[in-house]
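Undergrad: Just passing along the structure, written as structure tokens.
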Amino acid sequence: MKDNILLVAAGAVVLINGCIGHYFPPNGITLTPLILAVISIIIVFGSKLNLILKSTAIIVGIILNDYLIRNYSGGIHDSEGFAWSTLYLFYGLVLSYIILIVGVLNNKDTLSNKLISIFVFPVAAIFYIFIR
């Protein structure tokens, strides 16, 4: 039950950032690294999910945030705005990955789950960026 509440809270943070980006552009773009770090902290240190599910949940949050920013935020409908949103996405990805690695290293799960969790994140992020 606690994990569900934390996942909903992380989703709510992403949706709030989407609303901020829509109504107060381009603040949603500039808040992206902070938002991605916050949802990563909520998921990694708050929930008791499996490490692989934590990594997957963070990626889903990142993709949802990027979708909302790209489609509803002001300032991304030109090449300069798209470049800024991509730059802030990369900043957020790096912060989220660092948070995930710290959480994985502090976890007492099996080595295989730790390695899969650390491997799933960059592979999914790179795949998303190429299909974006």
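Undergrad: If you add up the charges near L87, with Lys and Arg at +1 and Asp and Glu at -1, over every other residue whose beta carbon is less than 13 angstrom from its beta carbon, what do you get?
TA: Around L87, the surrounding residues sum to -2.
Undergrad: What is the local net charge at P25, summed over the other residues whose Cβ is closer than 15 Å to its Cβ (Lys, Arg +1; Asp, Glu -1)?
TA: That sum, taken over residues with Cβ under 15 Å, equals -1.
Undergrad: Could you order H22, H77 by accessible surface area, starting with the largest, using a probe radius of 1.4 Å?
TA: Working: H22 95, H77 145 Å².
The ordering from most to least exposed comes out as H77, H22.
Undergrad: Full-extension gain between I101 and H77, please, as 0.36 nm times their residue separation minus the C-alpha to C-alpha distance.
TA: Between I101 and H77, full extension yields an extra 5.3 nm.
Undergrad: Here is a further query. No solvent, one uniform scatterer per C-alpha: report log10 I(q)/I(0) for segment 1-131 via the Debye equation at q = 0.12, 0.13, 0.18 1/Å, two decimals.
TA: -0.43, -0.50, -0.90
The values are calculated or read from the model by the stated rules, or taken from the named source; none is laboratory data. Predicted model only: the values in this text are computed from it and were never measured. Positions of Cβ are generated from backbone atoms using ideal geometry, with glycine treated the same way; all protein chains shown enter the neighbour counts. We work out accessible area using only protein heavy atoms, side chains counted, and drop any ligands, DNA or RNA first. Shrake-Rupley method; radii C 1.70, N 1.55, O 1.52, S 1.80 Å.
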